[in-house]
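Below: one structure, written as structure tokens.
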Amino acid sequence: MRIGELARRTGVSERSLRYYGEQGLLAPTRTPAGYRVYAESDVDVVRHVRMLLAAGLNTAFIKEVLPCMVDTGDGLAPGCPELLPHLRAERDRMTIAIDGLATARTLLDDVIAATPPEGSDYETWVARRTG
DNA sequence: GTTCTAACA
DNA sequence: TGTTAGAA
């Protein structure tokens, strides 16, 4: 099938489909005219890619693990045991990122909280705090 | 009408 | 990622 059909059947834009191809996630063949030709199985590949993307993994990582993933019917499961350490490492990176944002948010909360009392004159308030 | 590449307010 | 221009 060509890109238009795959896009319709997966709900993924043609733009994204071409991008996945550039990233090595999809390997469509080409017609003499240069049109991309996808296999029936690519419908599932695209679904898997979307799931992993939604799970926060980047295309480079997905490219590596995709071949080892098995479709369980309701989701994806690691088909190779040596995948777990990498998946857990990825999870740890997310935790670090989340913690970083949490502290950033707390700091921003402090700035927001240091605001003049309701109804007070802003100019005067600023002058008193500025010295 | 569909797809391709390349480029960007 | 969306969108669009120009060509096939």
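No lab work stands behind these numbers, since they all come straight from the coordinates. Just so it is clear, the model here is predicted, and its values are computed rather than measured. Don't worry about glycine lacking a Cβ; one is built from the backbone with ideal geometry, like all the others, and counts go over all protein chains shown.
May I ask you to say which residue of A:VAL126, A:VAL70, A:VAL49 is of a type in the set (A, V, I, L, M, F, W, C), assigned to a helix (DSSP H, G or I) and within 30 Å of A:ARG2 (Cα to Cα)? Walk me through it before giving the result.
Values: A:VAL126 fails: within 30 Å of A:ARG2 (Cα to Cα); A:VAL70 fails: assigned to a helix (DSSP H, G or I).
None of the other options fit; the residue is A:VAL49.
With the condition kept exactly as written, say whether any residue in segment A:97-111 is hydroxyl-bearing (Ser, Thr, Tyr), farther than 30 Å from A:THR130 by Cβ and either within 14 Å of DNA strand C (Cβ to nearest atom) or more than 17 Å from the chain's Cα centre (by Cα) (or both).
Start the filter on segment A:97-111 by keeping residues that are hydroxyl-bearing (Ser, Thr, Tyr), which leaves A:103, A:106.
Filter once more, so that each one left must be farther than 30 Å from A:THR130 by Cβ: none.
The answer is no; no qualifying residue exists.
Condition first: over 21 Å from the mean Cα position of the chain (by Cα) and not aliphatic (A, V, I, L, M). Now tell me which residues in segment A:10-53 satisfy that.
Within segment A:10-53, A:PRO28, A:THR29, A:ARG30, A:THR31, A:PRO32, A:GLY34, A:TYR35, A:ARG36, A:TYR38, A:GLU40, A:SER41 meet the criteria.
Residues in segment A:62-119 that are under 21 Å from A:ARG50 (Cβ atoms), small (Gly, Ala, Ser) and surrounded by fewer than 10 Cβ atoms within 10 Å (Cβ to Cβ): how many?
1
Which one is surrounded by the most Cβ atoms within 10 Å (Cβ to Cβ) among residues in segment A:29-46 that are away from DNA strand C (no atom under 13 Å from the Cβ) and in a helix (DSSP H, G or I)?
Per the criteria, the residue is A:ASP42.
Looking at A:GLY56, A:GLY34, A:GLY24, A:GLY4, can you tell me which residue is within 13 Å of DNA strand B (Cβ to nearest atom) and at positive phi?
Numbers: A:GLY56 fails: within 13 Å of DNA strand B (Cβ to nearest atom); A:GLY24 fails: within 13 Å of DNA strand B (Cβ to nearest atom); A:GLY4 fails: at positive phi.
Answer to the check: A:GLY34.
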